1. In the set F120, F115, which member is crowded, with 24+ Cβ neighbours inside 10 Å and over 20 Å from A194 (Cβ atoms)?
2. Hey, Y322 hits all of (1) out of contact with any Gly (no Cβ under 9 Å at 6 or more places or on another chain); (2) modelled with pLDDT of 95 or more; (3) within 25 Å of D9 (Cα to Cα); (4) open to solvent by 30 Å² or more (accessible area, probe 1.4 Å) but one; which does it fall short on?
3. Out of E108, E129, I need the residue that is open to solvent by 10 Å² or more (accessible area, probe 1.4 Å), touching a helix residue (DSSP H, G or I) at 6+ places or on another chain (Cβ under 9 Å) and farther than 22 Å from S165 by Cβ. Which one?
4. Among residues belonging to the stretch 207-246 that are within 29 Å of G358 (Cα to Cα) and of a type in the set (D, E, K, R), point out the one that is surrounded by the fewest Cβ atoms within 10 Å (Cβ to Cβ).
5. Quick one: which residue in A187, A194 is among the aliphatic types (A, V, I, L, M), touching a residue at least 24 places away in the same chain (Cβ under 8 Å) and assigned to a helix (DSSP H, G or I)?
6. Identify the single condition in (1) under 30 Å from G49 (Cα atoms); (2) surrounded by fewer than 21 Cβ atoms within 10 Å (Cβ to Cβ) that I263 does not satisfy, given that it satisfies every other one.
7. Being more than 19 Å from A346 (Cα to Cα) and touching a Cys at 6+ places or on another chain (Cβ under 6 Å) is the filter here, so list the residues in the stretch 207-234 that pass it.
8. Considering E127, E161, which residue is part of a helix (DSSP H, G or I) and under 28 Å from F6 (Cβ atoms)?
Amino acid sequence: MVRKFFGTDGVRGTANQHPMTAEMALRIGAAVGRYFRNDGTNQHRVVIGKDTRLSGYMFENALTAGLTSTGMNVLLLGPVPTPAVGLLTNSMRADLGVMISASHNPAEDNGIKFFGPDGFKLSDEAELEIERLIEEGVEPVHAQNIGRAKRIDDGRFRYIERVKSSLPRALPLTGIKVVIDCANGAAYRAAPEALWELGADVIPVGTSPNGLNINKNCGSTKPQTASEAVVAHGADVGICLDGDADRVMIIDETGKVADGDQIMAVLASRWAAEGRLKGEALVATVMSNLGLERYLEGRGLRLERTAVGDRYVVEAMRKGGYNLGGEQSGHIVMTDYATTGDGLMAGLQFLAAMVGTGQKASELAHVFEAVPQMLKNVRYQVGQAPLEMDAVKLAIADAEAALTGKGRLLIRKSGTEPLIRVMAECEDSVLLEQAVDGVVDAVSAAVAG
C-alpha cells in the first residue's frame with residue numbers, strides 16, 4: 001500500500017497548501033490521537049515541539065485541538081530541537097511525541113513528525129494505519145473526556161542536560177572557540193547555552209529567528225556564513241545545524257566544510273579504537289560516499305547501507321544492534337544517547353575527538369578522500385511520474401551501463417519534496433558528468449512534456 005500523506009520523515013509541504021493546512025493538521029491530530037489512545041483511559045499524554053517557523057503557531061493549535069478531541073492531554077514544549085522531542089517523549093512517559101518542522105526546508109514549508117512512546121519514529125505500518133484514520137475520520141470523545149493542554153517551561157533545560165551528559169566529564173571544552181550556527185531554528189537557545197555551560201567560548205550565528213528566516217543563508221545547507229565566521233573570529237571549529245537541529249556539518253579552522261560522511265568516519269574509527277562501536281559497523285544510506293566505505297574497510301569495519309531516510313538508518317541500527325549511523329546530509333544517529341539524529345550531540349562527539357587527540361579540526365574532519373560525486377535535482381509537478389517514462393528508463397539504463405565497473409548511479413524520488421534526485425559516483429569526471437546529465441536531461445524533458 002502506498003502512503004498518501006507521509007513521506008520519508010512525516011507529513012511535509014507548503015504551509016496553507018494541502019496537505020499542510022490547519023484543517024488537515026486537525027484531522028491528523030485526531031487520527032494519531034485515536035491511534036495511540038485506544039484503551040479508553042484518561043491517562044494519555046503527548047508532547048509537542050516546534051521550530052521557529054511562523055506557521056508553527058497555526059499547526060500547534062490545530063494539532064492540539066485534534067489531539068484533545070480524542071482525550072489526549074497535550075504538553076506544549078515550544079521551540080525545541082527534533083531530538084529533544086524524541087528524548088522527552090520517552091522520559092516524560094508520553095504516548096506520543098510530535099515535532100512541527102520542515103527541517104532544512106525554507107520558511108514557507110512545514111511538516112509534522114511523530115515519535116512513539118519509546119522515543120523512536122513511527123514504523124511504516126503505523127503511518128499507514130494513521131493515514132486510514134485520517135481519511136475515514138474518528139469519533140470525538142464525550143465532552144467530559146476531552147483532553148487538557150498546558151505549556152511546559154523546562155523542556156529545553158531537560159534537553160540541554162541530556163546533551164551535556166553525552167560529553168565525558170574528562171573532556172571539558174575550556175579554551176575551545178566554537179562557532180555555532182543554529183539556522184535561526186529550533187536550537188537557537190539550546191545549542192549556545194549547552195556549549196557555553198560545557199566551557200566553550202561560543203560565537204553564535206543564526207540565533208535571531210523572526211518566523212521567516214529559518215535556514216535562510218545559514219545552517220547546514222548554507223554553511224558559508226558560519227564558515228566565514230570561523231575564519232573571521234579565528235575559531236577552532238564550527239558546528240552548523242539545520243532548522244530543527246537533527247543535522248550537522250562541521251567546519252574546520254580554515255573554513256572548510258565536512259559533511260556527514262566525514263563526521264561518521266571520525267566517530268566510527270574513534271569509537272572502534274575505544275571498543276564501543278557495536279557490531280564493528282556503521283549504518284549509512286545508499287547516498288554515502290564510496291570513499292567512506294573504503295575508509296572503514298581499511299580499518300576492519302563494515303558499512304551497512306539502507307534506503308535514504310534517517311528512520312531507515314535507525315530501524316537497521318535497532319535490528320542489528322548497532323549504535324552509530326547516519327546520512328551524508330548530516331543526520332548522525334547515536335542510539336547510546338538519542339533516538340534520532342542529533343546535530344548538537346554529534347558536534348559534541350567531534351569536539352570530544354579534538355580534545356581527546358589534541359588534533360585540530362582540519363586534521364580530523366577530512367580523514368578520507370571522497371570519490372567524486374555529483375547530485376542534481378529535477379523538480380516535477382504533483383501527479384507526474386517521470387521515472388515511468390520509457391525515455392527516462394532508457395537514459396537510466398545507458399548511464400548504468402556506462403558506469404559499470406567504474407562507479408555507481410542512484411536515482412530516487414525525494415521523500416520530502418517533489419524532486420527526482422540523480423546521483424552518481426565515478427573517478428572519471430567526464431564520465432560522471434555525462435551519466436548524470438544524460439538522466440537529468442531525460443527527466444527534465446519528461447517533466448516539461
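The values are calculated or read from the model by the stated rules, or taken from the named source; none is laboratory data. Note that the coordinates shown come from a computational prediction; the quantities given were computed from them, not determined experimentally. So basically every Cβ, Gly included, is an ideal-geometry build from the backbone, and we count neighbours across all protein chains shown. The accessibility values were calculated without ligands, DNA or RNA, using every heavy atom of the protein model including side chains. Shrake-Rupley method; radii C 1.70, N 1.55, O 1.52, S 1.80 Å.
1. F115
2. It fails just one condition, (1).
3. Every option except E129 fails the conditions.
4. Per the stated criteria, the residue is E228.
5. On the way: A187 fails: assigned to a helix (DSSP H, G or I).
Just one listed residue meets the conditions, A194.
6. I263 satisfies all of (1) under 30 Å from G49 (Cα atoms); (2) surrounded by fewer than 21 Cβ atoms within 10 Å (Cβ to Cβ) except (2).
7. T207, T225
8. Details: E161 fails: under 28 Å from F6 (Cβ atoms).
The match here is E127.
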